[in-house]
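Before any comments, here is the structure.
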Amino acid sequence: MSYANSRIPSSAQAGVHEHLARAVERHAAAPFRKPYATYNEHAVERALEGWDGRAPLILDAGCGVAHSTIQIARANPDARVIGVDQSEDRLSRRKPYPEALLPGKMLLVRADLVDFWRLLVDRGIRLHAHYILYPNPWPKIGHLGRRWHAHPVFPFVPRLGGRLEMRTNWQVYGEEFALALGLLTGRSVSCESYEAETPLTPFERKYRDSGQALYRVSLDLGDVRLDGPAEAVHASAGIQRESQR
Ligand SMILES: C[S@@+](CC[C@H](N)C(=O)[O-])C[C@H]1O[C@@H](n2cnc3c(N)ncnc32)[C@H](O)[C@@H]1O
């Protein structure tokens, strides 16, 4: 695939998956107890090592080559900015800045987000901001369960609080993500068109330069506490049970 010639995900699925709401409710009602891999526990320890508990924490989840993590850290010099990806190869690719100019409070760690997110929740961590930029879309109808919002880990994501931002070039993914987040939080969440004037990631730059429409779901979760997975069952039934910290 040549640059600026990228295609939007093609799928037989034209709208929100008919089984999405049921999957989100099921995952919210049943605790996800997959055991943690040791390397993910170490990754969380390393990500939080030396953090004073007061500096804002920003997570770039699935950061890929981490160009976004660098930009976010440069824009937030007081924050601990953590870029997480499962691919060591992507994390270690050459950066657009020399090592010496990389922001000091930025950390890149290799981890599986399925564990990393839950380990942060276990520790009572609250994020200042949380980016999920251009996650793998898994556009096949039968791959619904691989999309983040239909995965059993998703109820943990809003429990981390902060301003959550997900961007995608597949509108269906954006609409599904918004619906799932709305079910979990009891909030009204929408998927909106997005103009990437200054692209944050290589994917964003490529999609923009290919003339594609981009979408984002942005929600300020603030300090709202979602006390547990079962919360979503009530939220999906239209009963809002959020409590302020
Ligand atoms: C399409 S790429 C987008 C990368 C980057 N955010 C960007 O926009 O350039 C999706 C990234 O998510 C990462 N990823 C997928 N599943 C993951 C998981 N379970 N844990 C950590 N990273 C994951 C992949 O390795 C990949 O780098």
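The values are calculated or read from the model by the stated rules, or taken from the named source; none is laboratory data. A quick note: this is a predicted structure, and the numbers were derived from the prediction, not measured. Neighbour counts are summed over all protein chains in view; Cβ atoms, including those assigned to glycine, are modelled from backbone coordinates with ideal geometry.
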(request) Return yes when ARG94 is surrounded by 12 or more Cβ atoms within 10 Å (Cβ to Cβ), on the phi < 0 side of the Ramachandran plot, within 16 Å of the ligand (Cβ to nearest atom) and not hydrophobic (A, V, I, L, M, F, W, C) and no when it is not. (result) no
(request) Report, by residue number, each residue of region 170-184 that is closer than 19 Å to ALA12 by Cβ, assigned to a helix (DSSP H, G or I) and in contact with a Pro (Cβ under 6 Å, 6 or more places away or on another chain). (result) TYR173
(message) If GLY222 satisfies all but one of (1) touching a Phe, Trp or Tyr at 6+ places or on another chain (Cβ under 6 Å); (2) modelled with pLDDT under 95, what's the number of the condition it fails?
(response) (1)
(request) Sort out which residues of region 71-103 are without any contact (Cβ under 8 Å) to a residue 40 or more places away in the chain and part of a strand (DSSP E or B), and write them in order of number. (result) ARG80, VAL81, ILE82, GLY83, ASP85
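Output the residues belonging to region 183-194 that are more than 16 Å from the ligand (Cβ to nearest atom) and surrounded by fewer than 21 Cβ atoms within 10 Å (Cβ to Cβ). Talk me through it step by step, then tell me what you get.
Within region 183-194, the subset more than 16 Å from the ligand (Cβ to nearest atom) is 183-193.
Once the filter is applied, which keeps residues that are more than 16 Å from the ligand (Cβ to nearest atom) and surrounded by fewer than 21 Cβ atoms within 10 Å (Cβ to Cβ), region 183-194 yields GLY186, ARG187, SER188, VAL189, SER190, GLU192, SER193.
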(message) Looking only at residues that are surrounded by fewer than 23 Cβ atoms within 10 Å (Cβ to Cβ) and of a type in the set (Asp, Glu) in region 38-84, which one is nearest to the ligand (Cβ to nearest atom)?
(response) GLU41
(request) Would you please name the residue that is surrounded by the fewest Cβ atoms within 10 Å (Cβ to Cβ), looking only at residues in region 123-166 that are under 18 Å from ASN76 (Cα atoms) and free of Cβ contacts under 8 Å to residues at least 60 places away in the same chain? (result) ARG163
(message) Could you check region 8-53 and list, in sequence order, the residues that are charged (D, E, K, R) and either free of Cβ contacts under 8 Å to residues at least 24 places away in the same chain or over 24 Å from LEU144 (Cβ atoms) (or both)?
(response) GLU18, ARG22, ARG26, ARG33, GLU41, GLU45, ARG46, GLU49, ASP52
(request) Please tell me if GLU88 is over 17 Å from LEU133 (Cβ atoms) and away from the ligand (no atom under 13 Å from the Cβ). (result) no
(message) Being under 14 Å from the mean Cα position of the chain (by Cα) and either away from the ligand (no atom under 12 Å from the Cβ) or in contact (Cβ under 8 Å) with a residue 60 or more places away in the chain (or both) is the filter here; which residues of region 106-120 pass it?
(response) ALA111, ASP112, VAL114, ASP115, PHE116, ARG118, LEU120
(request) Check off (1) out of contact with any His (no Cβ under 8 Å at 6 or more places or on another chain); (2) under 21 Å from ALA28 (Cα atoms); (3) more than 12 Å from the ligand (Cβ to nearest atom) for HIS128 and give me the number that stays unchecked. (result) (2)
